[in-house]
Amino acid sequence: MGDPVEQWLEDCLTLPGKLQRALRLMAHLEQEVSRIETQFRVREKEYLGQLRQSHQQGTPWPAPKQDEEIGAIKQLHYKCRALLREKVVVNKQIASFIHFEQQRLVKERDKLLHSMHGLGAATNLKSHSVSVSPEPGAAAPAVAGPAGGPPA
């Protein structure tokens with residue numbers, strides 16, 4: 001596995017691109033839903049107008065032409081609802097993805113901070129070495145006096 005800091009930085013840098021792709025998909029779905037809703041409303045108005053007109057003229061309802069319109073309106077309504085369901089699914093996926101990435105990045109950050117803290121403590125220990133009783137046969141450490149001079 002590569003350097004965790006580099007991996008974390010790469011993940012941080014690629015996350016906005018992933019979110020942008022998801023947001024573009026959402027925008028596309030919203031445009032498609034809007035277009036279909038507009039078509040649905042236009043056809044609904046036309047159909048209701050034709051229905052009122054046929055009712056005023058006393059013609060049988062629904063006329064064969066109106067059956068086709070009813071089918072087209074139902075189809076548009078079905079498409080619109082399917083796109084809205086897809087939009088909800090995509091929204092949930094985006095929210096889940098963002099939450100997962102946030103949690104993962106927080107864990108990575110904490111792990112890096114912990115390892116950096118451990119490195120800092122080890123470095124600090126080395127620079128302020130504590131005198132430990134020497135092992136048998138080892139030379140005794142030299143003891144310096146004040147200001148690095150001979151012992152007093």
| task | Taking only segment 1-59 into account, find how many residues are touching a helix residue (DSSP H, G or I) at 6+ places or on another chain (Cβ under 9 Å), polar (S, T, N, Q) and closer than 17 Å to Arg104 by Cβ. | result | 1
| request: May I ask you to say which residue of Thr38, Thr14, Thr59 is among the hydroxyl-bearing types (Ser, Thr, Tyr) and within 30 Å of Ser115 (Cβ to Cβ)? | output: Thr14
| field | Checking Thr38 against (1) modelled with pLDDT of 85 or more; (2) in contact with a Leu (Cβ under 7 Å, 6 or more places away or on another chain), the condition it does not meet | value | (2)
| request: Taking the options Lys79, Lys107, Lys111, name whichever one is within 20 Å of the chain's Cα centre (by Cα), part of a helix (DSSP H, G or I) and either farther than 17 Å from Ala22 by Cβ or modelled with pLDDT of 85 or more (or both). | output: Lys107
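The values are calculated or read from the model by the stated rules, or taken from the named source; none is laboratory data. Please read all numbers here as calculations on a predicted model, not as lab measurements. All Cβ positions, glycine included, derive from the backbone under ideal geometry; neighbour counts span all protein chains shown.
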